[in-house]
Structures are given as C-alpha cells and as structure tokens.
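Have a look at the structure below before the remarks.
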C-alpha cells in the first residue's frame, strides 16, 4: 500500500469528481469580499485572508490534481443571486491576477533580453578595448565596464532561471484557481 502524502491528510478527496476539496466556512457571502472595496459585488475585490487561504491550500495540492472550492454557509442566508455575484467576483479577481502576471512575464522577458545584450556589449568592450593603458582613471573605467558586464550576465541568469520560474509557477496557481469549481453547501446553524 502506498504511503499517503501530507496533503491527503489535510484535504478531502471526492471520488466521483476526482477532486480535492478546499473547504471554507463562512458566516456570510460578504466574508469573501474586501471590506474596503465599495464596488458592486461582481466587481468587488476578494479579501486578502480568503485569497491567502485558498492560494496556500492550492499550493499544498500538486498541480496535476484537480481541486474544487467548497464554501459552507448558513442555510438561512441562501441567495442564488449572491452566489452568482460571488462566483463572478472570484473569477474577475483571478482573471485580473492572470493578466497582471502575463504582463510581468512579458516585462521580465524584455529585461532578460536587455540584460543579455548589455552583458555581451560590456564584456566585449572590456575584453577587446583597453586594459593596457597606464592611466589610472582609464584602468578604473575599464574594470568598471568588465564588472558591469558580469553583473548584467548575473542578472540575465538569475532572471531566466529563478524569477521566470517563480512567475510561471504563480501563473499556474492563479490559472488553476480561476478554472476551479466553486460549490456552495448550506448547513443549519
């Protein structure tokens, strides 16, 4: 028998849908929304604590497994219009997050290209021009050009191998949350 992984102890698995359930108990629909956002419900921002909980939970469950967000609410407040508004606000929030991440990834790709070009330029100038001059200021300038080239090359590798991977992982998590099913379960209080 296979040993259970830690997330299998934390989250329920639903056999019929083959999804892990991220369960959240709420007192009201408004618990999901940011208190400081005066926008209409469909456009309102998601509460940071709710987002953190859902994001941390989805990080626990491997990306190759499906998830569903289950919201437990009191039966007496059941309102289909508020359910629809909450789902809309939830999807708007993560759709906006995905758009911002796409923009960040695009900007990072531009920076990666500029770091690479600048590193090649500075290192080429440093190695092919100068270095034999006896003037102290020119030697300092030459060393500065070489150091700048290595710094840009370092930034290139850091951006391509670390920052890009981190942004792509965050993008996958937001996409997973955007596409996840949201269920409402009502219980007597």
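Residues in the stretch 52-90 that are under 18 Å from residue 184 (Cβ atoms) and under 20 Å from the mean Cα position of the chain (by Cα): 53, 54, 57, 67, 68, 69, 87, 88, 89, 90.
Scan the stretch 175-189 for residues that are within 29 Å of residue 77 (Cβ to Cβ), in contact (Cβ under 8 Å) with a residue 24 or more places away in the chain and either part of a helix (DSSP H, G or I) or within 10 Å of the chain's Cα centre (by Cα) (or both) and jot them down. Can you show your working first?
Let us first name the residues in the stretch 175-189 that are within 29 Å of residue 77 (Cβ to Cβ), namely 176-189.
If we keep only those that are in contact (Cβ under 8 Å) with a residue 24 or more places away in the chain as well, we get 176-178, 180-189.
Matches in the stretch 175-189: 176, 177, 178.
Residue count for the stretch 105-137 satisfying the condition of being surrounded by 15 or more Cβ atoms within 10 Å (Cβ to Cβ) and either under 21 Å from residue 176 (Cβ atoms) or under 17 Å from the mean Cα position of the chain (by Cα) (or both): 2.
Residues that are closer than 23 Å to residue 172 by Cβ and in a loop (DSSP other than H, G, I, E, B) within the stretch 54-86 comprise 61, 62, 63, 64, 65, listed in sequence order.
If you check residue 159 against the conditions, is it touching a residue at least 40 places away in the same chain (Cβ under 8 Å), more than 30 Å from residue 24 (Cα to Cα) and under 34 Å from the mean Cα position of the chain (by Cα)?
Numbers: touching a residue at least 40 places away in the same chain (Cβ under 8 Å): yes; more than 30 Å from residue 24 (Cα to Cα): yes; under 34 Å from the mean Cα position of the chain (by Cα): yes.
Considered against the rule, which asks whether it is touching a residue at least 40 places away in the same chain (Cβ under 8 Å), more than 30 Å from residue 24 (Cα to Cα) and under 34 Å from the mean Cα position of the chain (by Cα), residue 159 comes out as yes.
Condition test on residue 101, is it under 30 Å from residue 12 (Cβ atoms), in a helix (DSSP H, G or I) and modelled with pLDDT of 95 or more?
Values: under 30 Å from residue 12 (Cβ atoms): yes; in a helix (DSSP H, G or I): yes; modelled with pLDDT of 95 or more: yes.
Yes, satisfied.
In the stretch 68-81, the qualifying residues are those that are in contact with a helix residue (DSSP H, G or I) (Cβ under 8 Å, 6 or more places away or on another chain) and farther than 19 Å from residue 54 by Cβ, and the one that is surrounded by the most Cβ atoms within 10 Å (Cβ to Cβ) is 77.
So is residue 141 without any contact (Cβ under 8 Å) to a residue 40 or more places away in the chain, surrounded by 15 or more Cβ atoms within 10 Å (Cβ to Cβ) and part of a helix (DSSP H, G or I) or not? Even if it seems obvious, please write down each step before you answer.
Numbers: without any contact (Cβ under 8 Å) to a residue 40 or more places away in the chain: yes; surrounded by 15 or more Cβ atoms within 10 Å (Cβ to Cβ): no; part of a helix (DSSP H, G or I): yes.
No.
Just one of (1) surrounded by 13 or more Cβ atoms within 10 Å (Cβ to Cβ); (2) under 12 Å from the mean Cα position of the chain (by Cα) fails for residue 148. It is (2).
Tell me, yes or no, whether the stretch 82-99 has at least one residue that is over 28 Å from residue 163 (Cβ atoms), free of Cβ contacts under 8 Å to residues at least 24 places away in the same chain and out of contact with any helix residue (DSSP H, G or I) (no Cβ under 7 Å at 6 or more places or on another chain). Within the stretch 82-99, one or more residues are over 28 Å from residue 163 (Cβ atoms), free of Cβ contacts under 8 Å to residues at least 24 places away in the same chain and out of contact with any helix residue (DSSP H, G or I) (no Cβ under 7 Å at 6 or more places or on another chain).
Determine, yes or no, whether residue 119 is farther than 30 Å from residue 54 by Cβ, at pLDDT 95 or above and touching a helix residue (DSSP H, G or I) at 6+ places or on another chain (Cβ under 8 Å).
Working: farther than 30 Å from residue 54 by Cβ: yes; at pLDDT 95 or above: yes; touching a helix residue (DSSP H, G or I) at 6+ places or on another chain (Cβ under 8 Å): yes.
Against the criterion (farther than 30 Å from residue 54 by Cβ, at pLDDT 95 or above and touching a helix residue (DSSP H, G or I) at 6+ places or on another chain (Cβ under 8 Å)), residue 119 qualifies.
The values are calculated or read from the model by the stated rules, or taken from the named source; none is laboratory data. Quick caveat, the model's predicted, so the values are computed rather than measured. Methodologically, a virtual Cβ is constructed for each residue, glycine included, from the backbone with ideal geometry; neighbour enumeration extends over all protein chains shown.
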